[in-house]
Amino acid sequence: PEHVEKGAGHACPDALTRRLVRLHFVDFVRGQTDLYRAQEVLEAKIETHVDGVTRGVAKVHFEGASRCEAGGEWSRSVETKIFGEATYDSRTARFTSVEMIATGTRRGRTRYNFRETDLGPAAIGFALTLAGDAPEERVAPAFYWEYGW
């Protein structure tokens, strides 16, 4: 939020939320898969709420939902509920910790994810944390070319 104070709420930027669900909430469990195209994102929302602020450091929680569906030869979908917590330092304007989960249901397959006999529906989950400074935590994400860097 513009003013970081207890009770403040804010919708995460649409571009960030859509990028997250298109590129990261995909079924990589058994192998590679395709990203979701922009038009395949049917729902993407994350709201933040400030739970409290102590000496400029805010405790924040997230809530949201996502739904992506692709048709055609590789028909598939992922639908999630999103929850998380973070610590935000308003003095440096940076998050110092982020823990987010998205849990839900996946269906279908793609050419490389070996789900020929496991089309679902079935449970799936994703866990996200803030990367540290170690080189192994600074690997470019899958589909990095879609980030617009």
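The values are calculated or read from the model by the stated rules, or taken from the named source; none is laboratory data. Quantities reported herein were computed from a predicted structural model and do not represent experimental measurements. Cβ atoms come from the backbone with ideal geometry, glycine included; neighbour counts cover every protein chain shown. Ligands, DNA and RNA are stripped out before the accessible areas are found, and what is left, the full protein with its side chains, is counted by its heavy atoms. Shrake-Rupley method; radii C 1.70, N 1.55, O 1.52, S 1.80 Å.
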Right, F126: open to solvent by 50 Å² or more (accessible area, probe 1.4 Å), at negative phi and touching a strand residue (DSSP E or B) at 6+ places or on another chain (Cβ under 8 Å) or not? no
The stretch 13-40 - residue that is in contact with a Ser or Thr (Cβ under 9 Å, 6 or more places away or on another chain) and surrounded by fewer than 17 Cβ atoms within 10 Å (Cβ to Cβ) and, of those, modelled with the lowest pLDDT: G31
Selected residue [of a type in the set (A, V, I, L, M, F, W, C) and in contact with a Cys (Cβ under 8 Å, 6 or more places away or on another chain)] from L42, L20, L35, L16: L42
Condition (residue is in a strand (DSSP E or B), surrounded by fewer than 14 Cβ atoms within 10 Å (Cβ to Cβ), of a type in the set (A, V, I, L, M, F, W, C) and at pLDDT 95 or above) applied to the stretch 49-67: is it met by at least one residue? no
Those residues of the stretch 35-61 which are under 20 Å from R109 (Cβ atoms) and in contact with a helix residue (DSSP H, G or I) (Cβ under 7 Å, 6 or more places away or on another chain), in sequence order: L35, Y36, V41
State which residue is least open to solvent (accessible area, probe 1.4 Å) when the search covers only the stretch 72-107 and only residues that are over 16 Å from the mean Cα position of the chain (by Cα) and acidic (D, E). D89
Please identify the pairs in which a residue from the stretch 24-53 that is more than 14 Å from E69 (Cα to Cα) has its Cβ atom under 9 Å from the Cβ atom of a residue that is open to solvent by less than 30 Å² (accessible area, probe 1.4 Å) and of a type in the set (S, T, Y), counting only partners at least 6 apart or on another chain. G31/T110; Q32/T110; K45/T17; K45/S66; I46/T17; I46/S66
